[in-house]
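Scroll down for the structure; my scribbles are underneath it.
The values are calculated or read from the model by the stated rules, or taken from the named source; none is laboratory data. None of the values given here were measured: they were computed from a predicted structure. Note that each Cβ is placed from the backbone with ideal geometry, even for glycine, and that neighbours are counted across all protein chains shown.
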Amino acid sequence: MTAITVCVIGGGLAGSTVAHELRSSEQDVRVVIVDDDPDSPYDRPPLTKRLLDAGFDPAAKPAWAVNGTEWLRDRVTSVDPHTPAVFLEAGGLLRADVVVLATGGRPRTQSNDMWGFSCLRSAADARWLRDQLDQAVAPKVLIEGAGPLGCEMASALNKRGIPVTLVEADRLPMRRLLGPELGAEVAAWAVDAGVDLRLERHILAAERSTTGRYHVELSDGQALDVDVAISAIGMTPASELVAGWGAADGRGVHCDPRGRVLDDTGVPYPHVYALGDVAAVTEADSGVLVHRESWTNATEQGAAVAADILGKTPPRTGRPYFWTEAFGRRIQVLGRVPMDPAPAELLADYPERHGAVYRFDLDGEPAAWVAINAARDFAMILRDEQAQQAMM
């Protein structure tokens with residue numbers, strides 16, 4: 001294979017995984033990462049999990065940071081998928097043999113746009129938020145959204161003794177990830193920890209005073225006064241670069257099973273890929289377009305895209321995996337918990353450490369496992385799944 005140049009737009013986990021796999025190959029590949037975040041690369045999951053931990057550096061370089069790769073600290077303004085070529089804000093033009101979109105996502109900003117709520121997505125956001133908490137005397141915090149990120153932030157603040165009100169429009173926290181049965185468990189953990197949990201409510205209006213405090217009105221007619229207001233209502237794929245030439249919707253940039261970006265008619269561009277939080281990839285078996293946001297998905301897609309670029313067979317992938325932390329519990333999920341599941345089967349119970357292991361079935365077959373403070377049990381489940389996959 002002759003030498004090729006690959007331009008990766010985005011230096012997060014997904015983009016860095018592609019770069020690492022390409023750089024680790026025996027083939028002659030020049031990799032250029034374009035990213036305008038001055039702190040990247042860094043891990044995003046610890047931003048919510050370890051926000052207030054002593055000595056935590058939001059911009060610490062992660063173990064997966066790639067050595068020997070060219071970095072351009074610039075912003076991409078457009079991409080020509082036919083050449084392909086990348087146009088930079090500074091005025092330059094980067095021609096490449098392959099372009100990889102790994103632009104990730106950005107927080108939904110409704111509450112930020114309307115009322116100036118904070119969002120937590122970048123290392124700079126984390127530093128700013130910590131400064132706000134440090135400057136306030138006995139701060140009170142409101143978090144909008146009780147998904148994984150909202151619960152992680154509420155846990156981190158609650159652990160430091162900071163009063164937290166958690167507002168969620170859904171009837172249970174993390175219901176879309178864990179289902180209603182375990183969502184009710186998370187609600188009980190939050191209340192037991194002292195979090196002011198407001199379910200089935202949304203923010204109607206908010207006003208910020210000259211002193212920086214927020215007066216927030218909820219949909220049930222109640223009002224709150226807080227020092228810091230944070231929005232954690234999900235993310236939007238950063239798919240604007242494909243506007244006008246690629247297929248995209250709220251789920252992200254549409255890709256074929258190999259990760260190649262599709263045009264508006266469903267035809268793939270042969271030299272443009274997308275992966276990670278920005279991508280919605282067509283599953284080879286089902287033909288269904290799937291968008292996933294997780295660490296594991298970013299690394300698996302990164303390895304698959306790199307293999308395709310190199311003309312190799314991509315590694316086999318297993319069930320989706322996700323983990324989070326909430327109110328003293330480490331939650332690990334393998335598979336997809338059905339939204340209308342049969343009652344969870346309790347496989348193990350460890351009340352002394354607030355731990356348990358559950359299995360969810362769908363149509364008589366295992367669909368997902370959830371381990372709570374049971375890392376060893378989960379490792380065994382994962383090992384058995386990998387062994388079965390290797391036999392297929």
Answer yes or no as to whether residue 345 is in contact with a Lys or Arg (Cβ under 9 Å, 6 or more places away or on another chain), in contact (Cβ under 8 Å) with a residue 12 or more places away in the chain and exposed (fewer than 15 other Cβ atoms within 10 Å of the Cβ). yes
Single unsatisfied condition, residue 356 versus (1) surrounded by 13 or more Cβ atoms within 10 Å (Cβ to Cβ); (2) touching a residue at least 40 places away in the same chain (Cβ under 8 Å): (2)
Given the criteria within 21 Å of residue 239 (Cα to Cα), touching a Phe, Trp or Tyr at 6+ places or on another chain (Cβ under 7 Å), modelled with pLDDT of 95 or more and buried (at least 18 other Cβ atoms within 10 Å of the Cβ), does residue 33 qualify? yes
Within the stretch 99-124, track down each residue that is surrounded by fewer than 17 Cβ atoms within 10 Å (Cβ to Cβ) and closer than 17 Å to residue 40 by Cβ. 106, 124
Of 73, 30, 50, 23, which residue is more than 19 Å from residue 298 (Cα to Cα), basic (Lys, Arg) and out of contact with any Asp or Glu (no Cβ under 9 Å at 6 or more places or on another chain)? 50
For the stretch 42-122, which strands (runs of 3 or more DSSP E) that fit wholly inside it have 1 or more residues that are free of Cβ contacts under 8 Å to residues at least 24 places away in the same chain, of a type in the set (Phe, Trp, Tyr) and assigned by TED's automatic domain parsing to the domain that holds residue 248? 85-88
Kindly provide the set of residues from the stretch 373-389 that are aliphatic (A, V, I, L, M) and touching a residue at least 60 places away in the same chain (Cβ under 8 Å), ordered by number. 382
Restricting the stretch 265-293 to residues that are touching a strand residue (DSSP E or B) at 6+ places or on another chain (Cβ under 9 Å) and among the charged types (D, E, K, R), the one surrounded by the fewest Cβ atoms within 10 Å (Cβ to Cβ) turns out to be 283
Any hit, the stretch 302-312, residues being within 22 Å of the chain's Cα centre (by Cα), surrounded by 23 or more Cβ atoms within 10 Å (Cβ to Cβ) and either within 30 Å of residue 194 (Cβ to Cβ) or of a type in the set (Ser, Thr, Tyr) (or both): no
Within the stretch 195-210, the residues that are part of a strand (DSSP E or B) and among the acidic types (Asp, Glu) are 196, 207
Reported set for the stretch 229-247 where residues are closer than 18 Å to residue 108 by Cβ and either of a type in the set (Asp, Glu) or buried (at least 22 other Cβ atoms within 10 Å of the Cβ) (or both) is 229, 230, 231, 232, 233, 237, 239, 240
Subset of the stretch 165-192, residues touching a Lys or Arg at 6+ places or on another chain (Cβ under 8 Å) and either buried (at least 24 other Cβ atoms within 10 Å of the Cβ) or within 24 Å of residue 206 (Cβ to Cβ) (or both), comes to 165, 166, 167, 168, 169, 170
Return the residues of the stretch 126-163 that are over 21 Å from residue 322 (Cβ atoms), of a type in the set (D, E, K, R) and buried (at least 18 other Cβ atoms within 10 Å of the Cβ); say none if nothing qualifies. 140, 144
